[in-house]
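S.K.: Let me begin by handing over the structure; questions about it come next.
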Amino acid sequence: MVLFVLLSLPSLGQQRFQRWGGGVDDETIHFGFSFHYISANYKIGLKENWQSPYTDAQGTIDGFMADSLYKVYSPAQTGIGLGLLADLKLTENANLRFTPTLVFSNKAVNYAYTPYPISSHNRELTSIVRASYIDLPLLIKFKSDRKGNYRGYLIGGGKYAINVVSSKRYDDAGSAPIEKLLKTKPGYFSYEAGIGFDFYFDFFKMSPELKWVQSIGNLLDAREPNMYNHPIQRLMLRNFQVSLIFE
């Protein structure tokens, strides 16, 4: 009898270990949700004559538009995201993941103009690009072997993002030149790669994750020339993303 109890202890311990994390690693398909903190900015490619003063279609100039640029840059802006997760188990160490996410993340481009001759005070304008995206990433997760109640992983793949902000917010036809908008295309592709760790609790798994996202192609919409898109040849989006995922 004593021998039977001793032999059964490893089996009971193994069952207890497998229950941690709710058994999600044993399921072919499982679901979850995620929270994201995002730091984003643009990588800007400038035209050869980007420093030249801008004139409108009538050849008129006004205020800041009459001055020469000496710097155009995009400071990092923060945002948040809320997402869902569908995970397909491919092997013991690889999963295919679809993580649709609603992202609120504005971007900014700053324009620094040549100071007045009588003053050294710098003059800048900022154009805010307001955007709310639905991100549709398809990723592959490569996991290490589980060590106790944690494991590390690498993740990478591609994403298509759709801007869901109403087109009415981008209607600047009647706006003054200085109030025009810097516009981007309504959708874009990107690639992303990151690293994370799975931590197993009694009935769920939590995964902190760091990820880098880089857009593909030119995001700039310059069909209607204005003082903000005039110096820019190319816009590319860069995101650094910190995520907390629950499965």
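The values are calculated or read from the model by the stated rules, or taken from the named source; none is laboratory data. In this text, all values refer to a predicted model and were calculated from it rather than measured experimentally. With ideal geometry, Cβ positions are generated from the backbone for all residues, glycine too; neighbour counts draw on all protein chains shown. The protein model used for the area step is the full one, side chains on, heavy atoms only, and it has no ligands, DNA or RNA in it. Shrake-Rupley method; radii C 1.70, N 1.55, O 1.52, S 1.80 Å.
S.K.: Within segment 176-188, track down each residue that is surrounded by 19 or more Cβ atoms within 10 Å (Cβ to Cβ) and in a strand (DSSP E or B).
M.R.: If the condition is that a residue be surrounded by 19 or more Cβ atoms within 10 Å (Cβ to Cβ) and in a strand (DSSP E or B), then T184, Y188 are the ones that fit.
S.K.: Please determine, by comparing only the residues of segment 111-145 that are modelled with pLDDT of 90 or more and part of a loop (DSSP other than H, G, I, E, B), which one is farthest from the chain's Cα centre (by Cα).
M.R.: That would be D145.
S.K.: So for segment 23-40 (the condition being exposed (fewer than 12 other Cβ atoms within 10 Å of the Cβ), at pLDDT below 65 and among the hydrophobic types (A, V, I, L, M, F, W, C)), does at least one residue qualify?
M.R.: No, that holds for no residue.
S.K.: Can you tell me which residue in segment 202-247 is nearest to F104 (Cα to Cα), limited to those that are assigned to a loop (DSSP other than H, G, I, E, B) and among the acidic types (D, E)?
M.R.: So the first thing to find is which residues in segment 202-247 are assigned to a loop (DSSP other than H, G, I, E, B), and the list is 202-204, 217-219, 221-231, 247.
Still in the list and also among the acidic types (D, E): 202, 221, 224, 247.
Numbers: D202: 32, D221: 20, E224: 25, E247: 23 Å.
Across segment 202-247, the extreme among qualifying residues is D221.
S.K.: May I ask you to say which residue of L125, L154 is open to solvent by less than 60 Å² (accessible area, probe 1.4 Å) and either touching a residue at least 40 places away in the same chain (Cβ under 8 Å) or hydrophobic (A, V, I, L, M, F, W, C) (or both)?
M.R.: Of L125, L154, the one residue that is open to solvent by less than 60 Å² (accessible area, probe 1.4 Å) and either touching a residue at least 40 places away in the same chain (Cβ under 8 Å) or hydrophobic (A, V, I, L, M, F, W, C) (or both) is L125.
S.K.: For segment 189-201, name all the residues that are assigned to a strand (DSSP E or B), farther than 23 Å from S132 by Cα and not small (G, A, S). If you could, list the steps in order and put the result at the bottom.
M.R.: To start, the set of residues in segment 189-201 that are assigned to a strand (DSSP E or B) comprises 189-200.
In the following step, the residues that additionally are farther than 23 Å from S132 by Cα were identified as 195-200.
I195, F197, D198, F199, Y200, listed by residue number.
S.K.: While we're on this one: Every residue in segment 41-54 that is buried (at least 16 other Cβ atoms within 10 Å of the Cβ) and in a strand (DSSP E or B), please.
M.R.: The answer is N41, Y42, I44.
S.K.: Is it true that some residue in segment 226-239 is surrounded by fewer than 13 Cβ atoms within 10 Å (Cβ to Cβ) and in contact with a helix residue (DSSP H, G or I) (Cβ under 9 Å, 6 or more places away or on another chain)? Working first, answer last.
M.R.: Let us first name the residues in segment 226-239 that are surrounded by fewer than 13 Cβ atoms within 10 Å (Cβ to Cβ), namely none.
Among the residues of segment 226-239, not one is surrounded by fewer than 13 Cβ atoms within 10 Å (Cβ to Cβ) and in contact with a helix residue (DSSP H, G or I) (Cβ under 9 Å, 6 or more places away or on another chain), which makes the answer no.
S.K.: Turning to a different aspect of this structure: Quick one: is Y200 among the hydroxyl-bearing types (S, T, Y) and modelled with pLDDT of 80 or more? First the steps, then the outcome.
M.R.: Numbers: among the hydroxyl-bearing types (S, T, Y): yes; modelled with pLDDT of 80 or more: yes.
So Y200 fits the description; yes.
S.K.: Restricting to segment 159-175, name every residue that is modelled with pLDDT of 95 or more and either open to solvent by less than 30 Å² (accessible area, probe 1.4 Å) or more than 21 Å from the chain's Cα centre (by Cα) (or both).
M.R.: Across segment 159-175, the qualifying residues are K159, A161.
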